[in-house]
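Q: Before I ask anything, here is the structure I am working with.
The values are calculated or read from the model by the stated rules, or taken from the named source; none is laboratory data. Here the structure is a predicted model, which is why all the values come from computation and not from measurement. We place every Cβ from the backbone using ideal geometry, glycine too, and count neighbours over all the protein chains shown.
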Amino acid sequence: MEDFVVEVRNLKKTFKRADGTPVNAVDDVSISVRSGECIVLLGPSGCGKTTLLRSIAGLEKPEDGEILINGEAMFSGAEKLEVQPQDRALSMIFQSYALWPHMTAFDNVAFPLKSRKLPKAEVIERVNQTLGLVGVSELSGQHPSDMSGGQQQRVALARALVAGDDLVLLDEPLSNVDAKVRDQLRRELVEMQREINFSAIYVTHDQIEAMELADRIAVMELGKIVQLGPPKEIYEKPSTRYVANFIGTVNELSGTVASKASDGSATVTTDLGEVEVPDEATLTIGSDVVLTFRPERCSISTHQIEGSPSWRGSVNTSSFFGSHTEHHINMSEQTSFVVWQAESTQLNYNDDVWVTVEPANIRVLPVETDEVSDESH
Ligand code: ADP
Ligand code: MG
C-alpha cells in the first residue's frame, strides 16, 4: 500500500449565504498527496480552494467525509472525530508569508517551537538547523523589513518546517507580490521543494504558477475536483472545456458526430465542413461535440496545402511576441481561431489564409456550458 501524507475522502463543507441559500464550498472531494509531492489546487476565485485547505488544517469543520494525515484520522464525519488544528502535523503559509515584522528571522522561526516548551538549547539548535536548510543562516538576526522577498519566503518556509512536520499548506502566498518578483519567488520555491522534499498543497488561481510548481494539478470548479493529473496531462488531455480553457488557450469548433470508422476515427460535421477526428471509442453518432486544439498545434499558410486538412479563413490580427507570432483568424461568422507560429510570417488584415490541423492534434470534448449542469441525486 502506498504511503500518503494526506488522504481526503468524500469531504463536504457547506456554507450559508447571507440570504440563507447554501453554498457547496467543498462538494464530495477526494484527493491523496504522496510523500514529497506538491499538489496544486487550481481554479477561479470562489471554487472552494481555501475551504478545502482550511478543512485539512482543521480551521473549518466539514459536514462529512474523512481526513487522514500520515494514516491517522484527523477528521471523520461518521465517527464524529475532529483533531484540533494545533495537533495536526502540518503548517500553513498564508498570503505574503506574514512574518512578524517586529521579530528577527530567528524569533520568527522559533515561534512555533516556543509553545511546545522545548528546552532552550534544542530550540536554538533546531532554528539554526532549519535556517541553514533553507539557506539563510546569515539572516538570523535580521528583521523582515531588511530582507528581500526571496529571503522572506525562505524564512517563512523555515518557520513552516521547523516543527518537523513535513506537510506545508500554502494559500496563494505570492498573490500580493508584484509580477517580476513573483516569477523569481516561484522558481526559488520549486528549487527548495526539490531540495528539502517537503510535501505541499499549494492553492492558486494562476495557471502558470500551477504548471511550474505542481507534480499534479487538481483543477477545481464549484467545490469539486474536475480533473487531477500532471501539468502536461491536464494541458494535453483536458477532460472538459472548462479545464481546456482554464489551462492555456484553446480553439473550439462545434459540431455533430456524423459517422464512425473502424480505424479509431470519426467524422464530425461543423460549419467549416466535415472534419476527421480521433475517436477513443467514446463518440456516439448524432451527439453534439466540441473539437478543441491548441494554438501551437496548428499551422497557417497563404496557400492551400494539398492533402492536408485545412480550412480557409481571413486574418483579423497578427502580433509579433518574440518567441512566437500570434494570429487571430476569422473562419466563419461564429468561429475564429488563434494560431501561434514559431517563425514570424508577416500577415496583414484581411489576407486569405489556410489553417491546418492534423486529426491527431484535435481533442473532442462534450458540449457543456460554463456553468456546471444541475446534478439531481
Ligand atoms: P477560493 O479560495 O477558491 O476563492 P473559498 O473556499 O474561499 O474559494 O470559497 C468557496 C465558496 O464558499 C465561495 O462561494 C465563498 O463565497 C463561500 N464561502 C467561503 N467562506 C465562507 C463563509 N465563512 N461564509 C459563507 N460563505 C463562505
Ligand atoms: Mg481562496
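Q: Restricting to the stretch 159-200, count the residues that are among the small types (G, A, S) and either over 16 Å from A89 (Cβ atoms) or assigned to a helix (DSSP H, G or I) (or both). Working first, answer last.
A: Kept after step one, since they are among the small types (G, A, S), are these residues of the stretch 159-200: 160, 163-164, 175, 179, 199-200.
Checking the rest, the ones that are also either over 16 Å from A89 (Cβ atoms) or assigned to a helix (DSSP H, G or I) (or both) come to 160, 175, 179.
Of the residues in that region, 3 qualify.
Q: Among the residues of the stretch 9-21 satisfying the criterion of being over 12 Å from D64 (Cβ atoms) and of a type outside the set (S, T, Y), which is nearest to ligand 1 (Cβ to nearest atom)? Outline the logic, then answer.
A: Filtering the stretch 9-21 for residues over 12 Å from D64 (Cβ atoms) gives 15-21.
So of that shortlist, the ones also of a type outside the set (S, T, Y) come out as 15-20.
Numbers: F15: 3, K16: 6, R17: 6, A18: 8, D19: 11, G20: 11 Å.
The residue in question is F15.
Q: Another question, then. For the stretch 86-104, which residues satisfy the criterion of being within 23 Å of D178 (Cα to Cα) and of a type in the set (A, V, I, L, M, F, W, C)? Spell out how you get there, then give the answer.
A: Taking the stretch 86-104 and keeping what is within 23 Å of D178 (Cα to Cα), we get 92-101.
Scanning the stretch 86-104 gives M92, I93, F94, A98, L99, W100.
Q: Inside the stretch 251-287, can you point out the residues that are polar (S, T, N, Q) and modelled with pLDDT under 90? Spell out how you get there, then give the answer.
A: Of all residues in the stretch 251-287, those polar (S, T, N, Q) come to 251, 254, 256, 259, 262, 265, 267, 269-270, 282, 284, 287.
S262, T282, listed by residue number.
Q: What about K224, is it over 23 Å from V8 (Cβ atoms) and either more than 16 Å from ligand 2 (Cβ to nearest atom) or at pLDDT 95 or above (or both)?
A: Details: over 23 Å from V8 (Cβ atoms): no; either more than 16 Å from ligand 2 (Cβ to nearest atom) or at pLDDT 95 or above (or both): yes.
Here the answer is no, as K224 does not meet what is asked.
Q: Criterion first (more than 30 Å from G164 (Cα to Cα) and assigned by TED's automatic domain parsing to the domain that holds T335) does V257 satisfy it? Don't jump to the end; show me each part of the working.
A: On the way: more than 30 Å from G164 (Cα to Cα): yes; assigned by TED's automatic domain parsing to the domain that holds T335: yes.
So V257 passes the test.
Q: If you don't mind, another one. If you go through the stretch 56-72 one residue at a time, how many are small (G, A, S) and near ligand 1 (Cβ under 9 Å from one of its atoms)? So that I can check it myself, show each step before the final result.
A: Initially, the stretch 56-72 is screened for residues small (G, A, S), giving 57-58, 65, 71.
Those left that are additionally near ligand 1 (Cβ under 9 Å from one of its atoms): none.
Here the count works out to 0.
Q: Taking G255 as meeting all but one of (1) touching a strand residue (DSSP E or B) at 6+ places or on another chain (Cβ under 7 Å); (2) touching a residue at least 40 places away in the same chain (Cβ under 8 Å); (3) more than 16 Å from ligand 2 (Cβ to nearest atom), write down the number of the exception.
A: Status for G255: all satisfied but (2).
Q: Within the stretch 141-195, track down each residue that is out of contact with any Lys or Arg (no Cβ under 9 Å at 6 or more places or on another chain) and among the acidic types (D, E).
A: In the first step, residues of the stretch 141-195 are kept if they are out of contact with any Lys or Arg (no Cβ under 9 Å at 6 or more places or on another chain); the result is 141-146, 148, 150-161, 166, 168, 170, 173, 176-187, 189-191, 193-195.
Within the stretch 141-195, D146, D166, D178, D183, E191, E195 qualify.
Q: Check the stretch 147-158 and report whether any residue there is loosely packed, with under 12 Cβ neighbours inside 10 Å and not in a loop (DSSP other than H, G, I, E, B). Walk me through it before giving the result.
A: Step one: filter the stretch 147-158 for residues loosely packed, with under 12 Cβ neighbours inside 10 Å, giving none.
No, the conditions are met nowhere in the stretch 147-158.
Q: Something else now. Among the residues of the stretch 167-178, is there at least one that is surrounded by fewer than 18 Cβ atoms within 10 Å (Cβ to Cβ) and modelled with pLDDT of 90 or more?
A: So the first thing to find is which residues in the stretch 167-178 are surrounded by fewer than 18 Cβ atoms within 10 Å (Cβ to Cβ), and the list is 175-176, 178.
With the extra rule that they be modelled with pLDDT of 90 or more, the set shrinks to none.
So far as the stretch 167-178 goes, no, none of its residues is surrounded by fewer than 18 Cβ atoms within 10 Å (Cβ to Cβ) and modelled with pLDDT of 90 or more.
Yes or no, residue by residue, for (1) in contact (Cβ under 8 Å) with a residue 12 or more places away in the chain; (2) farther than 19 Å from K232 by Cα; (3) away from ligand 2 (no atom under 16 Å from the Cβ):
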residue	(1), (2), (3)
V181	yes, yes, yes
E188	yes, yes, yes
M192	yes, yes, yes
F198	yes, yes, yes
I201	yes, no, no
H205	yes, no, no
M211	yes, no, yes
M220	yes, no, no
